[in-house]
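Asker: Got a structure for you, written out below as structure tokens; questions coming shortly.
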Amino acid sequence: METIGIYLAIIITSLRARMEYKTSFLFYIFAILIFYIGQIALLLVVLNQFHEIQGWSLGEMAFLYTLLAMAHGFTNLIFSQLIQFDEMIISGGFDRVLVRPLSPLGQVIFSRFEISTVAHLVMGFAALWFSTHISGIEWTLKKIALFPVVVIGGVLIAGAIRLMVSAVAFWTLRNRSLVHTAVFSSREFIVYPVSIYNTGVQFFLTFVFPIAFINFYPAHLFLDRSGDDLLHPALEMGTPVVGIILFSISLVVWKYGVNHYQSSGS
Amino acid sequence: MSPKVFFKFVSISFQKQITYRFDYFIGIVNGFLYVFIFTSLWKALYAQFEVKEHNGFTLSSIVTYAVVAMAVRIAFTMDDSIIHKKVEDGSIATELIRPTSFMFMNLAENIGHSLFHFLARTFPIVIISIFLYDISVPFELLRLLAFLLSAVLGYLLLSMLHFTVGLLAFWFVEIFPFMLFKYSLFTFFAGGIVPIDFFPEMLKPLTHLLPFKHMLYSPAVILIGRVPLSEIHTILITQGVWLLIMMGIGKLMWNAGKNKLIIQGG
């Protein structure tokens, strides 16, 4: 119980520091919102012209986006510090973490609590409202119960990817591009239905780098789409399972990395 | 500023980029990933209709556009945080005593950065794309020359945009929101992802009032042959006028910023 108290203190301190400049903080959130609105606007321009993408209508695309934004929103909230983890290794900040009697991963994660990702969640809920309205999702009890399970599964997948690519810094030191590609650029894949890609890439996004489970597969379930365009219909239910497996693997990789770690000496 | 000094700055900035090899390979993957996603998207969109042409683009020409726009965009990559960093650590003060124009020195640094991206990233991505996609560019000498000129003008415009937004660091502590804001507008209005021809009619007048489309869209449509040879000069002149406007704004802001710096005691 005592460790939880310590973590809580760390979170509160980081939040306080962040709120020091209130106006710039608010403008920061505003800018993030504009950024996402700009991305969505491009999608709207395309849909305005072509009406649907591979059989996915505007409302259905919005639901794809809902799951994406929520998984990334919560992942960002929890794992934001990992984005600059290589900095911590290079500057020697990680050495300090190692000498404390707390879990290194816990300390890294809780050292920053990125509240500005509220913007992602705002976008996520807006998209959810919008898609429920337009595509008329029928919210049965089963779906309502499954929704948080799928979001948590998505967070586990996205979090596991962050953890793994951050752990690469234990070996390569600087790995900014890898983090950028695996975390941000790859997201671009699942803004669209994964079925627009060739089979090889679909396979890759399902079994190797399984981000298709964050939104594409579970969306079939919520939107009552037939699973005909799927590699296999059972994949619809895969999100929580894939999340747990991937996250367990990422913890092993991380532990292995910490053991391998040698201080950069700075 | 003498050409010799200018190229010295270009070369220093270029060399800074080659330090991280691992980052470099991932960078190519990252760029190609975007090419792949957007070509897949256009293919899926065009496959939905019997019509072979939308807004004057055939599938082949829109795929060419997607590759060209992405290639140009990657070649145009620059570090837009240079000025901000110099203001933050105070090294901006040394710029004041240098006998060279700050605006041109900034440009030199940008060119070094971009030259690296052009040689190391754009080049491989274009080669890969030529083998993978049905790309066709009309081969007319005059058109190629016009493209080069238009690309240079577009590049200078983008560099000036970064310059002016970077100068805001004189007045604001946190400049990241402005950069995100700039990036959002650029992504949407420069036509790097969806060409402006696809925009709804109500948005088109707005694109004429903003400089963004002259940074990517103009050179790209010249190269792929969307614009008849006889109309190219109008585009080039408009680009030139925009460049003069942006340089004027940059100059005014730099002078105002410099005064503020002196008042603060630098």
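The values are calculated or read from the model by the stated rules, or taken from the named source; none is laboratory data. From a predicted model like this one, the values you see are computed outputs, not experimental measurements. Neighbour counts are summed over all protein chains in view; Cβ atoms, including those assigned to glycine, are modelled from backbone coordinates with ideal geometry. The protein model used for the area step is the full one, side chains on, heavy atoms only, and it has no ligands, DNA or RNA in it. Shrake-Rupley method; radii C 1.70, N 1.55, O 1.52, S 1.80 Å.
Asker: Pick out, from the stretch A:89-136, the helices (runs of 4 or more DSSP H) lying fully within it that include 3 or more residues that are surrounded by 17 or more Cβ atoms within 10 Å (Cβ to Cβ), within 25 Å of the chain's Cα centre (by Cα) and of a type in the set (S, T, N, Q).
Answerer: Numbers: elements: A:93-99, A:104-110, A:118-135.
In the stretch A:89-136, A:118-135 are the helices (runs of 4 or more DSSP H) which contain 3 or more residues that are surrounded by 17 or more Cβ atoms within 10 Å (Cβ to Cβ), within 25 Å of the chain's Cα centre (by Cα) and of a type in the set (S, T, N, Q).
Asker: Name the one entry in B:Met70, B:Met78 that is outside any helix (DSSP H, G or I), open to solvent by less than 30 Å² (accessible area, probe 1.4 Å) and touching a residue at least 24 places away in the same chain (Cβ under 8 Å). Please lay out each step first, then the result.
Answerer: Values: B:Met70 fails: outside any helix (DSSP H, G or I).
Of the residues listed, the single one that is outside any helix (DSSP H, G or I), open to solvent by less than 30 Å² (accessible area, probe 1.4 Å) and touching a residue at least 24 places away in the same chain (Cβ under 8 Å) is B:Met78.
Asker: What about A:Thr66, is it over 28 Å from A:Gly153 (Cβ atoms), more than 8 Å from chain B (Cβ to nearest Cβ) and not aromatic (Phe, Trp, Tyr)?
Answerer: Values: over 28 Å from A:Gly153 (Cβ atoms): no; more than 8 Å from chain B (Cβ to nearest Cβ): yes; not aromatic (Phe, Trp, Tyr): yes.
In short, no.
Asker: Restricting the search to the stretch A:18-29, which residues are more than 7 Å from chain B (Cβ to nearest Cβ) and of a type in the set (Phe, Trp, Tyr)? Explain how you work it out, then say what you get.
Answerer: First pass over the stretch A:18-29, keeping only residues more than 7 Å from chain B (Cβ to nearest Cβ): A:18-20, A:22-23, A:25-26, A:29.
Residue satisfying the conditions is A:Phe25 alone.
Asker: Residues of the stretch A:172-190 being in contact (Cβ under 8 Å) with a residue 40 or more places away in the chain and surrounded by 18 or more Cβ atoms within 10 Å (Cβ to Cβ), which ones?
Answerer: Within the stretch A:172-190, A:Asn175, A:Val179, A:Val183, A:Ile190 qualify.
Asker: If I ask for residues that are surrounded by fewer than 21 Cβ atoms within 10 Å (Cβ to Cβ) and either at the interface with chain A (Cβ under 9 Å from one of its Cβ atoms) or in contact (Cβ under 8 Å) with a residue 40 or more places away in the chain (or both), which ones from the stretch B:43-56 would you list? Even if it seems obvious, please write down each step before you answer.
Answerer: The first filter runs over the stretch B:43-56 and keeps only residues surrounded by fewer than 21 Cβ atoms within 10 Å (Cβ to Cβ), leaving B:43-44, B:46-56.
Listed by number, the residues that qualify are B:Lys43, B:Ala44, B:Tyr46, B:Ala47, B:Gln48, B:Phe49, B:His54, B:Asn55, B:Gly56.
Asker: Can you tell me which residue within the stretch A:40-51, out of those that are facing chain B (nearest Cβ under 7 Å) and open to solvent by 50 Å² or more (accessible area, probe 1.4 Å), is nearest to B:Tyr46 (Cα to Cα)? Lay out the reasoning, then the answer.
Answerer: Within the stretch A:40-51, the first condition is being facing chain B (nearest Cβ under 7 Å), and the residues that meet it are A:41-42, A:45-46, A:48-50.
Now drop any that are not open to solvent by 50 Å² or more (accessible area, probe 1.4 Å), which leaves A:48-49.
Details: A:Asn48: 14, A:Gln49: 11 Å.
This residue is A:Gln49.
Asker: Just a yes or no: is a residue in the stretch B:83-106 closer than 22 Å to B:Pro228 by Cβ, within 20 Å of the chain's Cα centre (by Cα) and open to solvent by 10 Å² or more (accessible area, probe 1.4 Å)? Can you show your working first?
Answerer: Applying the first criterion (closer than 22 Å to B:Pro228 by Cβ) to the stretch B:83-106 yields none.
No, there is no match, as no residue in the stretch B:83-106 is closer than 22 Å to B:Pro228 by Cβ, within 20 Å of the chain's Cα centre (by Cα) and open to solvent by 10 Å² or more (accessible area, probe 1.4 Å).
Asker: Here's another thing I want to ask about it. So, in the stretch A:19-39, how many residues would count as being modelled with pLDDT under 75 and either open to solvent by 60 Å² or more (accessible area, probe 1.4 Å) or not in a helix (DSSP H, G or I) (or both)?
Answerer: 5
Asker: With the stretch B:152-255 as the region, which helices (runs of 4 or more DSSP H) entirely inside it contain at least 2 residues that are away from chain A (no Cβ under 14 Å)?
Answerer: Values: elements: B:176-189, B:204-209, B:217-224.
Counting at least 2 such residues, we get B:204-209, B:217-224.
Asker: Name the single residue that is surrounded by the most Cβ atoms within 10 Å (Cβ to Cβ) among those in the stretch B:155-211 being over 18 Å from B:Lys85 (Cα atoms), over 16 Å from the mean Cα position of the chain (by Cα) and touching a residue at least 60 places away in the same chain (Cβ under 8 Å).
Answerer: So, considering only residues that are over 18 Å from B:Lys85 (Cα atoms), over 16 Å from the mean Cα position of the chain (by Cα) and touching a residue at least 60 places away in the same chain (Cβ under 8 Å), the one surrounded by the most Cβ atoms within 10 Å (Cβ to Cβ) is B:Phe198.
Asker: Then there's this: Out of A:Phe184, A:Phe207, A:Phe170, I need the residue that is farther than 24 Å from A:Leu43 by Cα and out of contact with any helix residue (DSSP H, G or I) (no Cβ under 7 Å at 6 or more places or on another chain). Which one? Before the answer, list the steps.
Answerer: Details: A:Phe184 fails: farther than 24 Å from A:Leu43 by Cα; A:Phe170 fails: out of contact with any helix residue (DSSP H, G or I) (no Cβ under 7 Å at 6 or more places or on another chain).
Answer to the selection: A:Phe207.
Asker: How many of the residues making up the stretch A:122-158 are under 23 Å from A:Leu77 (Cα atoms), in contact with a Ser or Thr (Cβ under 8 Å, 6 or more places away or on another chain) and not hydrophobic (A, V, I, L, M, F, W, C)?
Answerer: 3
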